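Structure, as structure tokens:
Since every read-out is calculated from the coordinates, none of them should be taken as a lab result. Note that the structure is a prediction, hence the values are computed from the model and not measured. A quick note on method: Cβ atoms are made from the backbone with ideal geometry, for glycine too, and the neighbour counts reach across all protein chains shown.
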Amino acid sequence: GNGIFLHKEQLVTHHRTHMGEKPFACEQCGRAFAEKSNLNEHRRTHTGIRPHSCSWCGKAFYRRSHLKVHLRRHTGEKPYTCDVCQHKFVDTSSLQRHKCRSGYDCKWLSSMLKFSSSICDKEKLFNCEYCTRSFLCKEQLMTHHRTHMGEKPFACEQCGKAFAEKSNLNEHRRTHTGIRPHSCSWCGKAFYRRSHLKVHLRRHTGEKPYTCDQCGKAFAEKSNLNEHRRTHTGIRPHSCSWCGKAFYRRSHLKVHLRRHTGEKPYTCDVCQHTFVDTSSLQRHKCRSGKLMTDYNTILHFYSTFHLMTHHRTHMGEKPFACEQCGRAFAEKSNLNEHRRTHTGIRPHSCSWCGKAFYRRSHLKVHLRRHTGEKPYTCDCYKTFFSQSYISMHQH
């Protein structure tokens, strides 16, 4: 590289980034660093201390450099420019991702990736021969190949579980030590892996980046989208060994099995009644009036995002309008369901008789005609399939 330093000590420290030397290790999680200052900043992820706070919005950061980048979102400053298309970015990593996605050469990127010039290819990306993924450096491609070849050279000393990448082993070790270095700034919940925190944060923000291409339903996790797609294909890979009933999701099978075993792990803290799943316990509490009377709490939303959406039903706000007929809705999900009345798509079909419905809730009520379930009970003890039937009966 062309790095020039005032002191020999600085040059020696810098050389470590090329040689891969990381002599400064964290006592709690084992993560190692080339410079002591980076270790000191990393330690704050364990202590939770964020000494650098934004004067605009109050958000706090472990590192001064992270605050510096954050401030640009308020000021609008974008000092890094792509030399190919002149697009501007707030930080070097955003520029780097842009260049990678656009397929530009990685001549500029080699120093950013902290690999030696002999490792980083200057002409092209390294493409995996087994899948569509591409990598900037040969070392990354070789590591990725292990996932296809089944190689797992990094084994846990405590339980023997093996991994293709050392970083995955380091994350796994935390399940033994109990260290959860990645904590949610909204609710404080902590995680072993940064990726798990990233998914969790979507519960607070309401972000659902994975959308079904058939019905438009969106999900926070890709695994949930994959499970949902089975409702369209009809594939139910998880079957009960007791009765043969099959399910789209493993979690649904797990709950179903409790009906055979009699297990009821969820207990009401008021009357000690037990239930097979959390939704049954929640319904019990609502019906019994044992939750707080405030409707915000009864509805048990994950986040202020969902609460704000729900408020529209009380305020009469309906910001989502159908382009074809003009009918408006308080929630986007309801608009998506309504659109099916125009397209004719009925993605929710009955496994008993094949009848299909626009809405999952309509299928749920329909299924009760097959199962005989009548969950709505009048004061006269007569039972009904749905809320609408009991309402008609009472009036």
Beyond 27 Å between alpha-carbons counts as too far, so tell me which of K59/K138; K217/K318; K161/K222 fall in that bin.
-> K59/K138
Expressed in nm to one decimal, what extension gain is obtained for the pair E373 and C159 from 0.36 nm per residue of sequence separation less their Cα-Cα distance?
-> 72.4 nm
Fully extended contour minus Cα-Cα distance, from Q10 to T383, at 0.36 nm per residue | 126.3 nm
Quote the FRET efficiency, to the nearest 0.05, computed for C184 versus Q28 with a Förster distance R0 of 22 Å and r equal to the Cβ-Cβ distance.
-> 0.70
Would you work out the relative contact order for segment 1-87, in percent, from Cα pairs under 8 angstrom that are 6 or more residues apart?
-> 13
The chain: most fluctuating residue of V84, V255, V276 per GNM, C-alpha cutoff 10 Å | V84
Cut-off under 5 Å, modelled amide H: who pairs with R346 long-range | none
Two pseudo-spin positions, 7 Å from Cα along C-beta at C85 and at R236, lie apart in nanometres by 4.6
Once both labels are modelled 7 Å past Cα along the beta-carbon direction, what's the S391-R287 spacing in nm?
-> 1.9
Could you give the radius of gyration (one decimal) and Dmax (whole number) of the Cα atoms in the chain, in Å?
-> 27.4, 90
For C325 and S53, compute 0.36 nm times the residue count separating them, minus their Cα-Cα distance, and round to one decimal in nm.
-> 93.0 nm
Over all distinct Cα pairs, what is the inverse of the mean 1/r for segment 8-103, reported as the Kirkwood hydrodynamic radius in Å?
-> 15.8
Search the structure for amide H atoms under 5 Å from the amide H of H52, placed 1.01 Å from N in the peptide plane, and list their residues when 5 or more places away or on another chain.
-> F61
Centroid-to-centroid separation of segment 145-195 and segment 52-91 [C-alpha atoms, Å] | 30
In this structure, the FRET efficiency calculated for E221 and K245 from their beta-carbon separation, with R0 = 25 Å, to the nearest 0.05, is 0.50
Relative contact order computed over the chain (Cα-Cα under 8 Å; 6+ residues apart), in percent = 5
Measure of compaction for segment 138-221 (Cα Rg per 2.2 N^0.38 Å) = 1.40
